[in-house]
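Here is the structure we will look at.
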Amino acid sequence: MRQTIGMLAVIALALSLAARWRNPDLATRGWKTGLHSLRRQLPLLAIAFTLAGYLEAVLPRDFIRSWMGAGAGLSGILLGSVAGGLLPLGPYIVFPMGAALQAGGAGIPTLVAFVTGWMLWGTGKLAFEFATLGPAFTLRRMVVYLVFPPLAGMLAYLITGP
C-alpha cells in the first residue's frame, strides 16, 4: 500500500510540475479539480469502507473460512463467482468488501473468482447493456462469460495452492 501511495504521489508531483512549467494556472486548476472530486467522492468512500468494516465485523471468521477459505475448494470459488457477479456496486464498495473477506479468511482463489465475477457478470450494467445492445447480445455475452470467473478462481488455485 505504501508503495502505491508513493508511486501515485510521485506521478501527481510530476504532473503538477509539468503543468506549472507549461502554465502556472494549469497547476492551480488541476489541484482545484482534484479537490472538488475528492469532496464529491469522500462520502461514498467513507460509506464504502464503513460497510466493509461492518462486513468484516458481522460475518464470523469461521463462516468466511469454511465457505470461502483456502479449504473451501471449488464450492468457495463458485460462491465467490456468484457473490461477485450479483453485486450491482462500483469498485469503491467491491474492493473494500474483498479486502474485508480477505481479512476474514477468504482464500486467494475465491477472491480472484469474486473480483472476476463482479467484473464480468456485474449485474449493475445489465439493464444499460440490454437496452443499448439488445437482449440477444447481452444473453450471448453472459453465456460466453459464464465460465471465466470460476476458471479464473481455479487458475488462481493452481498457481497459489489452497
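How many residues are assigned to a helix (DSSP H, G or I) and either surrounded by 13 or more Cβ atoms within 10 Å (Cβ to Cβ) or touching an Asp or Glu at 6+ places or on another chain (Cβ under 7 Å) (or both) when one looks only at segment 125-157? Can you show your working first?
Of segment 125-157, the ones assigned to a helix (DSSP H, G or I) are 125-133, 135-145, 148-157.
Pick out the ones that are also either surrounded by 13 or more Cβ atoms within 10 Å (Cβ to Cβ) or touching an Asp or Glu at 6+ places or on another chain (Cβ under 7 Å) (or both) and you get 126, 129-130, 138, 141-142, 145, 148-157.
Within segment 125-157, residues that are assigned to a helix (DSSP H, G or I) and either surrounded by 13 or more Cβ atoms within 10 Å (Cβ to Cβ) or touching an Asp or Glu at 6+ places or on another chain (Cβ under 7 Å) (or both) number 17.
Residue-wise test of (1) assigned by TED's automatic domain parsing to the domain that holds ALA156; (2) out of contact with any helix residue (DSSP H, G or I) (no Cβ under 6 Å at 6 or more places or on another chain).
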residue	(1), (2)
TRP31	no, yes
SER37	no, yes
GLN41	no, yes
ALA52	no, no
PHE63	yes, yes
MET68	yes, no
LEU74	yes, yes
ILE77	yes, no
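Quick check, is ALA131 free of Cβ contacts under 8 Å to residues at least 12 places away in the same chain and over 13 Å from the mean Cα position of the chain (by Cα)?
yes
I need the full set of residues from segment 1-34 which are more than 21 Å from the chain's Cα centre (by Cα) and either basic (Lys, Arg) or exposed (fewer than 10 other Cβ atoms within 10 Å of the Cβ) (or both), in order please.
ARG20, ARG22, ARG29, LYS32, listed by residue number.
So how many residues does segment 107-124 have that are surrounded by 20 or more Cβ atoms within 10 Å (Cβ to Cβ) and farther than 13 Å from GLY84 by Cβ?
Of the residues in that region, 1 qualify.
Consider PRO96 carefully, then state whether it is within 16 Å of the chain's Cα centre (by Cα), farther than 17 Å from LEU51 by Cα and surrounded by 18 or more Cβ atoms within 10 Å (Cβ to Cβ).
Working: within 16 Å of the chain's Cα centre (by Cα): yes; farther than 17 Å from LEU51 by Cα: no; surrounded by 18 or more Cβ atoms within 10 Å (Cβ to Cβ): yes.
Answer is no for this residue.
Considering segment 10-57 alone, what residues qualify as being closer than 20 Å to PHE95 by Cβ and among the basic types (Lys, Arg)?
Once the filter is applied, which keeps residues that are closer than 20 Å to PHE95 by Cβ and among the basic types (Lys, Arg), segment 10-57 yields only ARG40.
Consider segment 48-58. How many of its residues are surrounded by 11 or more Cβ atoms within 10 Å (Cβ to Cβ), free of Cβ contacts under 8 Å to residues at least 40 places away in the same chain and not polar (S, T, N, Q)?
Going residue by residue through segment 48-58, those that are surrounded by 11 or more Cβ atoms within 10 Å (Cβ to Cβ) are 48-56.
Okay, now just the ones that are also free of Cβ contacts under 8 Å to residues at least 40 places away in the same chain, so 50, 54.
Add one more test, that the residue is not polar (S, T, N, Q), and what stays is 54.
Residues meeting the conditions: 1.
Considering each residue of segment 13-46, count those that are within 30 Å of LEU101 (Cβ to Cβ) and without any contact (Cβ under 8 Å) to a residue 40 or more places away in the chain, and give that number. Steps first, please.
Taking segment 13-46 first, the residues within 30 Å of LEU101 (Cβ to Cβ) are 37-46.
Subset that is without any contact (Cβ under 8 Å) to a residue 40 or more places away in the chain: 37-40, 42-43, 46.
Summing the residues that are within 30 Å of LEU101 (Cβ to Cβ) and without any contact (Cβ under 8 Å) to a residue 40 or more places away in the chain in segment 13-46 gives 7.
Among the residues in segment 130-144, are any aliphatic (A, V, I, L, M) and within 29 Å of SER37 (Cβ to Cβ)? Quick ask: steps written out before the conclusion?
Here is the first cut: in segment 130-144, the ones aliphatic (A, V, I, L, M) are 131, 133, 136, 139, 142-144.
Going one step further and asking which of them are within 29 Å of SER37 (Cβ to Cβ), we end up with 131.
Looking for residues that are aliphatic (A, V, I, L, M) and within 29 Å of SER37 (Cβ to Cβ), one finds at least one in segment 130-144, hence yes.
The values are calculated or read from the model by the stated rules, or taken from the named source; none is laboratory data. Given the structure is predicted, the values throughout are model-derived calculations rather than measurements. Note that each Cβ is placed from the backbone with ideal geometry, even for glycine, and that neighbours are counted across all protein chains shown.
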